[in-house]
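Right, one structure below, let's go through it.
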């Protein structure tokens, strides 16, 4: 089961919108999810290693470079309101087939 973290600058509006997109994407793809948590970037950076994949706005991806080196998938979204983009990022992470 997949553990997903969604982070944005303040952990309020954008991360909540991304969380809803990611929830829909996981349901549409039939991915088993243990948890989807949304938070601020500062919380996300310290907690990211406890998750399988991190979603954030594209311009913040580099903040998770250290986490990516540990094998955590980092998915930067260009359009945080796009269901299609959330699905594509999940598929490209390689975690979909492992968690069906």
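The values are calculated or read from the model by the stated rules, or taken from the named source; none is laboratory data. Here the structure is a predicted model, which is why all the values come from computation and not from measurement. Every residue, glycine among them, receives a Cβ derived from its backbone with ideal geometry; neighbour counts consider all protein chains shown.
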*Restricting to region 3-15, what's the tally of residues that are surrounded by fewer than 20 Cβ atoms within 10 Å (Cβ to Cβ) and in a strand (DSSP E or B)?*
1
*Considering (1) surrounded by fewer than 16 Cβ atoms within 10 Å (Cβ to Cβ); (2) not in a helix (DSSP H, G or I), say which one residue 74 fails and leave the rest.*
(1)
*Just to be sure, is residue 79 loosely packed, with under 15 Cβ neighbours inside 10 Å, in a loop (DSSP other than H, G, I, E, B) and at pLDDT below 95?*
no
*Could you tell me which of the residues 68, 47 is part of a helix (DSSP H, G or I), surrounded by 12 or more Cβ atoms within 10 Å (Cβ to Cβ) and in contact (Cβ under 8 Å) with a residue 40 or more places away in the chain?*
47
*Qualifying residue in region 16-37 (condition: crowded, with 22+ Cβ neighbours inside 10 Å and out of contact with any strand residue (DSSP E or B) (no Cβ under 9 Å at 6 or more places or on another chain))*: yes
_Close pairs (8 angstrom Cβ cut-off, 6 or more residues apart or separate chains): touching a residue at least 40 places away in the same chain (Cβ under 8 Å) and on the phi < 0 side of the Ramachandran plot in region 8-24, surrounded by fewer than 16 Cβ atoms within 10 Å (Cβ to Cβ) and assigned to a helix (DSSP H, G or I) anywhere_ = 21/83; 24/83
